[in-house]
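The values are calculated or read from the model by the stated rules, or taken from the named source; none is laboratory data. Keep in mind that this is a model prediction, so the values were computed, not measured. In this analysis, Cβ positions are derived from the backbone assuming ideal geometry, glycine residues included, and neighbour counts consider all displayed protein chains.
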4 protein chains.
Amino acid sequence: MATRRRDADATRARLLRAAMQEFARLGYAGARGDSIARRAHSSERMLYYYYGSKDGLFRAVLESAYLSLQKAERELRIDHLPPREALDEFCRFVWRYYLDHPEFIGLLNSENLQQARHLRKSAQLAELVAPVITLLSQLLARGVAAGDFRDGIDPVELYITIAALGYFYLSNQYTLSAVLGRELRDPQHLQAHWQVSAEVVRCYVTR
Amino acid sequence: MATRRRDADATRARLLRAAMQEFARLGYAGARGDSIARRAHSSERMLYYYYGSKDGLFRAVLESAYLSLQKAERELRIDHLPPREALDEFCRFVWRYYLDHPEFIGLLNSENLQQARHLRKSAQLAELVAPVITLLSQLLARGVAAGDFRDGIDPVELYITIAALGYFYLSNQYTLSAVLGRELRDPQHLQAHWQVSAEVVRCYVTR
Amino acid sequence: MATRRRDADATRARLLRAAMQEFARLGYAGARGDSIARRAHSSERMLYYYYGSKDGLFRAVLESAYLSLQKAERELRIDHLPPREALDEFCRFVWRYYLDHPEFIGLLNSENLQQARHLRKSAQLAELVAPVITLLSQLLARGVAAGDFRDGIDPVELYITIAALGYFYLSNQYTLSAVLGRELRDPQHLQAHWQVSAEVVRCYVTR
Amino acid sequence: MATRRRDADATRARLLRAAMQEFARLGYAGARGDSIARRAHSSERMLYYYYGSKDGLFRAVLESAYLSLQKAERELRIDHLPPREALDEFCRFVWRYYLDHPEFIGLLNSENLQQARHLRKSAQLAELVAPVITLLSQLLARGVAAGDFRDGIDPVELYITIAALGYFYLSNQYTLSAVLGRELRDPQHLQAHWQVSAEVVRCYVTR
DNA sequence: AATGAATGAGTGTTCATTCAT
DNA sequence: AATGAATGAACACTCATTCAT
C-alpha cells in the first residue's frame, strides 16, 4: 500500500514537473500531452487519470508555481534590517527569484496571453500575494519613520515597479537582445541590470 | 487589371490584420489558420497563397508591428524640449504606445515564449530600435550638459527601464489583477501607474 | 460475514439495475462503464469484479430482463376466462408489460441491432418464451372448440402480431411522432392505440 | 472542373453509402469513423470535410434514407385499383420496402434508441410521411363509399398497424428467432408472415 | 472481499499544408 | 490570379480492461 501510494505520488509529481517545463517553454497552446507524458516517463493516459484535462493540468502547474513563490516570500526575512538595506534585499530577492525560476516567467507569459483564465478559476489561488504587499507596507512605514523613505508611496505600485524591472528584462530578453543588439543574458549585462534596477528603486523610494 | 491588383492588396492587408489580432490574442500556437481566414473574409487557401506558411504569416505580422513602432518612434519630436520635459515626453510616448497597441504586447509575449525565433530569422528587422537608443543617448547628453541629469546612465538600460514599467503593467495585468486584488485596467489605476512610472524614471535620471 | 455477503449482493444488484438503465437508454455501444458505476454508487472496478466484462454485464442484464418477463408471463392467468375475454386479457397484458417496462424495449432494440449476439450465447435463455406460446396454443384451441375463433391460426404468428402492435408503437414512437406530427406518448393516443390493437387482433382471430 | 466536381460528388456519395451501412449495422454509437472511411475507400479526414461531424454524417444518412422512402411512396400507384386490392397492394409495398431496405430498419432502431435526436434537428425532414397518410385516407374513403371498408378507421393508426407488422418482424427477428426457436428469416416464414399480416389488416378494415 | 494504480488501443476531431486546375 | 478538393499527422481525450496488493 505504502509503496503503491508513493509510486502514485511520484508519478503525479513527475507529470507535474514535466508539464511545468513544457508549458513554460511552449505555452499552453503549444504544449503537447504526449510530449509531457514522455518527458515524465509515464503515459498520456496517466496524465488524464490524475489531472483530468489539459486545463486541469495547467491549473495544477500554475498553482504549484504560485505556491512555491509564496513559500519563498514567506521565508524572506527583512524586518530585522535597516529600511534601506531591507529594500535592497527585497529587490534582490525578487530579481533572484525570477532569475532562478525561468519556468515561472514562461508560465505567467502564457497565462497572461490567455487573460488569466486558469488563475481566475482557481479557488486555491485567491489572495496570494497579499503577504508580500503587507511586507512592503511595513517596510515603507519603517523607512518613513526612520526618515529614510519619502511618504505617500503606494506599496502595490512599488511592488509592480520592482517586479517589472526584473520580469520584463528576463521575459523579453529574446526580442530585446535581437532588437537592441545586446546579448541580455550575458552575465555582465545581467549583473548590470540588477544594479540599475536596485538603484532605480532606491532613488524613487529614498528622499 | 489595376483593380485586380488593388483587390489582391486589400485581401493581403485584411489577412495580415486578422492574423495580427488572432496571434496577439491567442499566441502563435493558439492561433488557427481558418479562424484568421474567416475573420479576414477570405479563405485559408489565400493565406498560404500570399504568406506561404503559418511561420511566414507570423513573421509578416511581427515585421509589420515593429515597422509601425519604428514609424511612431521616428515621428516622435523631443529635441526641441528642455531635457526634463523631453524625458517626460519620451516616457509618455512609450506608455501611450503600449496602451494604444495591445496587439503589440500580445505579439511580443508570444514571440518571447518562442525565444524570438521569428524575429531572429527576419532580415528586415535588423537594427530596428537603434534610432530610439540614439534619441535617448542625445537626450541624456543634453541633460548632463544642462546640469539636469546625472552622468553615467546607460541609454539601453534606461530604455529597458522605461519600457519595463509600461509593458509589464499591461502585459501582466491579468495575473496581477487576480493576485493583487486590484483591477489594474481601471482608468484611475492606469493613470496612477503612469504617474508613478514617470516619477520613478525622473528620480533615477535627474540629479 | 452475513452482512458482508448482503452488502456484496446489494452492490451487485445496484450495478445490474444501473446497467439496465444505461444500456436501455444508450444501447450497448453507447453505454459507459464508469457512468454505470457512478450511477450505482460503486466503482468501475467492482463492475469487472462481479461481471467480468461489458459483454458479461450486458448478458446479465438481458437475462434478468427476460427472466422478469417470463415471471410475469407465468403469473398471467387467462385459462379461467372465456376465449374472447382471455384473448383480450392477453393483449392487454403484453401492451401493459411494454408500457411499464421501457427498459425492456431499449434493451431489445440494442440487442437486435447486434443481431442477438448476447442472447445466442446465453445458455440460461434457451426456450424462454415457450410458455407463452403454449398458453396461446391452448387459448386458440379453446376458442376454436367454443366456435369463437377461426381455425388454422399459428400461435407463433399470433404472438408476433400482438407483440408487434405494442412494441413498434412504443419503440418507434420518437421517429413516428416526428414524422407523423402526432405526439404518440400522449395519454389519449396511447389509449386509442391500445383499443385499435385489441380490435385488430379480435377481428383477425374471431370468426 | 467537371472532373473535380464529379470526383467530389462521388467521394461524398461513397462516404454516405458506407456510413449508412455502418450506422445501420452497428448503430450510431457503435459505428466508427475510420471504418466508414475505409469502407468508402476514402479518408476519415474527408468525412469531416464533407459532413462536419459524426452527428452531421448520421443526419445526412437519415435524411437520405427518409428521402428514399418518400420517393418510393410517391411512386406508389394504388388509386386505380379497387379498394380491397389497393389495400393489399399498400401492405405489400410497406412489407417489401422493409424487406429490401434492411439498413432503413437498423437506422431507425438506432435513431429511436436516441429518441430521434437527429431527426428532430433536421429541418429537411419536417412533414415527411404526410403523403402516405393522405393516400391511406383517400383509400379508406373510397373503401367506405364502395361498401367494402368499415367506417371510422383512423388512417394514422392504420398506417402504424401495417408498419408495425412488417417492421417488428424484421427488426426483432434476431431475438425472436432465438426465443421462439424458429428461424424467422427463412423464406417460408417470411412468406407466411406477409400473408398473415395482409390478412390481419384485411380483417380489420373490411366489414 | 475489495480496490487504487495503471494501460494500450482507440475516438472523434482538427491541424497546417499541398494538389490540380 | 485564385480556389475547391484532398491529406497525413497530430490533437485532446476516452475506452474497456488488468495489475498488484
With the condition kept exactly as written, say whether any residue in the stretch A:67-86 is in contact with a strand residue (DSSP E or B) (Cβ under 8 Å, 6 or more places away or on another chain) and closer than 30 Å to A:Gly147 by Cα. yes
Do the conditions hold for A:Phe90, that is, is it modelled with pLDDT of 95 or more, in contact with a Phe, Trp or Tyr (Cβ under 6 Å, 6 or more places away or on another chain) and hydrophobic (A, V, I, L, M, F, W, C)? no
For the stretch A:141-189, how many residues meet the condition of being surrounded by fewer than 16 Cβ atoms within 10 Å (Cβ to Cβ), among the hydrophobic types (A, V, I, L, M, F, W, C) and either in contact with a strand residue (DSSP E or B) (Cβ under 8 Å, 6 or more places away or on another chain) or part of a helix (DSSP H, G or I) (or both)? 2
Is it the case that some residue within the stretch C:73-90 is within 16 Å of DNA strand F (Cβ to nearest atom), more than 11 Å from chain D (Cβ to nearest Cβ), farther than 20 Å from C:Leu170 by Cα and surrounded by 15 or more Cβ atoms within 10 Å (Cβ to Cβ)? no
Name the one entry in C:Gly33, C:Gly56, C:Gly27 that is away from chain D (no Cβ under 14 Å), small (Gly, Ala, Ser) and within 15 Å of DNA strand F (Cβ to nearest atom). C:Gly56
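Okay, residues lined up against (1) in contact (Cβ under 8 Å) with a residue 60 or more places away in the chain; (2) of a type in the set (Ser, Thr, Tyr); (3) closer than 23 Å to C:His193 by Cα:
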site	(1), (2), (3)
D:Asp100	no, no, no
D:Pro155	no, no, yes
D:Tyr174	no, yes, no
D:Ala178	no, no, no
Complete set of residues in the stretch C:31-64 that are of a type in the set (A, V, I, L, M) and either surrounded by fewer than 18 Cβ atoms within 10 Å (Cβ to Cβ) or in contact (Cβ under 8 Å) with a residue 60 or more places away in the chain (or both): C:Met46, C:Leu62
Filter result (in contact (Cβ under 8 Å) with a residue 24 or more places away in the chain and at the interface with chain A (Cβ under 9 Å from one of its Cβ atoms)) within the stretch B:183-195: B:His193
Quick check on my filter: what residues within the stretch A:59-72 are within 16 Å of DNA strand F (Cβ to nearest atom) and aliphatic (A, V, I, L, M)? A:Ala60, A:Val61, A:Leu62
Can you tell me which residue is surrounded by the most Cβ atoms within 10 Å (Cβ to Cβ) among those in the stretch D:127-140 that are over 22 Å from C:Leu170 (Cβ atoms) and without any contact (Cβ under 8 Å) to a residue 40 or more places away in the chain? D:Ser137
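Here is a yes/no grid of residues against (1) under 21 Å from C:His193 (Cβ atoms); (2) among the small types (Gly, Ala, Ser); (3) modelled with pLDDT under 95:
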site	(1), (2), (3)
D:Asn109	yes, no, no
D:Ala146	no, yes, no
D:Leu158	yes, no, no
D:Tyr167	yes, no, no
D:Gly181	no, yes, yes
D:Asp186	no, no, no
D:His193	no, no, no
Of all residues in the stretch B:103-149 being more than 13 Å from chain A (Cβ to nearest Cβ) and of a type in the set (A, V, I, L, M, F, W, C), which is nearest to the chain's Cα centre (by Cα)? B:Leu135
Kindly check whether there is at least one residue in the stretch B:59-77 that is in contact with an Asp or Glu (Cβ under 8 Å, 6 or more places away or on another chain) and under 17 Å from B:Leu113 (Cβ atoms). yes
Going through (1) closer than 22 Å to A:Thr161 by Cβ; (2) free of Cβ contacts under 8 Å to residues at least 12 places away in the same chain one by one, B:Gln115 fails only at (1)
Being under 19 Å from the mean Cα position of the chain (by Cα) and under 14 Å from B:Val156 (Cβ atoms) is the filter here; which residues of the stretch A:168-205 pass it? A:Phe168, A:Tyr169, A:Asn172, A:Gln173, A:Leu190, A:His193, A:Ser197
Only residues that are away from DNA strand F (no atom under 13 Å from the Cβ) and in contact (Cβ under 8 Å) with a residue 40 or more places away in the chain: list them for the stretch C:9-24, please. C:Leu16, C:Met20, C:Gln21, C:Ala24
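Quick one: in the stretch A:150-181, of everything that is farther than 18 Å from A:Cys91 by Cβ, of a type outside the set (S, T, N, Q) and touching a Leu at 6+ places or on another chain (Cβ under 8 Å), which residue is farthest from the other protein chains (Cβ to nearest Cβ)?
This residue is A:Leu176.
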Scanning the stretch B:31-62 for residues that are aromatic (Phe, Trp, Tyr) and more than 7 Å from DNA strand E (Cβ to nearest atom), which turns out farthest from B:Gln21 (Cα to Cα)? B:Tyr49
Being under 15 Å from A:Val200 (Cβ atoms) and in a helix (DSSP H, G or I) is the filter here; which residues of the stretch B:190-207 pass it? B:Val196, B:Ser197, B:Ala198, B:Glu199, B:Val200, B:Val201, B:Arg202, B:Cys203, B:Tyr204, B:Val205
For the stretch A:197-207, give me each residue that is at the interface with chain B (Cβ under 7 Å from one of its Cβ atoms) and buried (at least 19 other Cβ atoms within 10 Å of the Cβ). A:Val200, A:Tyr204
